[in-house]
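Notes for the one structure printed next.
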Amino acid sequence: MHILLLRILGLTGTFIVTFSVLYAALVYRGKHGERFSLFSYFISELGEEGVSQGARVFNLSLIAAGLCLLPATVLLGFLLDSFFGWLGATAGIIASLGASAVGLFPVNRLEGHVRAALTFFRAGLVMLFAFGAAIVFQPADRLVLPRGLALLNAFGILTYLAFLILLTIRMRQKQADATLGIGPSGPRPRFRWLPTLEWLVFFSTLAWIGALSLFINPTP
């Protein structure tokens, strides 16, 4: 029962976010009629009220996805039942609340938005590390998840670290990128490192959640 519920929550949250991002990106037209680009726009710009035509759908999807992720991480901690498993569950609860808060505080409400986003990214890093360790150190006679899944954790950890390190540097330099969503009003370059890394974090997290939902062992 726990495994079925975890699978449903993980796949439902993944589908909701994927659909809303695709929809919001496809209908997006910027202040000058420009289309959305993964390499130049932050994810949060899809939720910018008054600019993004799909803002409401996108922001509601983040709230819903966070509400799906929260019990899913608790269930995963219960199934792994180890120090790292429960550490991952605790970090997952915080990351889930951060994700939902990003939807509640779109980029127009900048102070709350940045706090919510940083909460998600920092807790998400701890979540991936802890669950990755729990997967690697599972008892051989009770494998809840294939150990190979830890490779996705490792890739995700690298993307989170790269993004957070660059973000910290930009914040200390007080560069506009550190706002995590308010892009320049005029033409912008086709490629920017910080938004691109944020999208890598997004895709690596979705891939991990989708994979664990599909490959969790029904009879550990």
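Counting neighbouring beta carbons within 10 Å and listing from fewest to most, the residues Asp81, Asp141 come out as Asp141, Asp81. Note on the chain: GNM, Cα springs under 10 Å; of Gly124, Gly30, Gly98, the largest mean-square fluctuation is that of Gly30. Which residue, Gln173, Gln138, Gln53, has the most motion in a Gaussian network model of the chain that connects Cα atoms within less than 10 Å? Highest fluctuation of the listed residues: Gln173. Just name one of Ser44, Leu194, Leu161: the one whose Cα is farthest towards the positive end of the charge dipole of region 2-215 (beta-carbon charges, Lys/Arg +1, Asp/Glu -1). Value computed over the given set: Leu194. Using only Cα atoms, find the angle between the long axis of helix 55-80 and the longest principal axis of the chain, and express it within 0 to 90 degrees, rounded to the nearest 10. That helix lies at roughly 20 degrees to the long axis.
The sum of -39500 (n - 2.57) across all DSSP H runs of n ≥ 4, divided by the residue count of the chain, sets its helix-only mean residue ellipticity at 222 nm to -23500 deg cm²/dmol. Among the trypsin sites (Lys or Arg not before Pro) within region 23-110, those in coil by DSSP and having at most 15 neighbouring Cβ atoms inside 10 Å are Arg29, Lys31, Arg35, Arg109. Computed about its Cα centre, the charge dipole of the chain is approximately 440 debye, with only Lys, Arg, Asp and Glu carrying charge at their Cβ.
In region 1-143, the ratio of gyration radius to Kirkwood radius, Rg to Rh, stands at 1.05 when only Cα atoms are counted.
Going by neighbour counts of Cβ atoms within 10 Å, the residues Thr73, Thr168 line up, fewest first, as Thr168, Thr73. Ranked for footprinting exposure by Cβ neighbours inside 10 Å, fewest first, Tyr28, Tyr23 give Tyr23, Tyr28.
Values in this text are rule-based calculations from the coordinates and carry no lab data. This one's a predicted model, so the numbers in the text were calculated from it and none came from an experiment. So basically every Cβ, Gly included, is an ideal-geometry build from the backbone, and we count neighbours across all protein chains shown.
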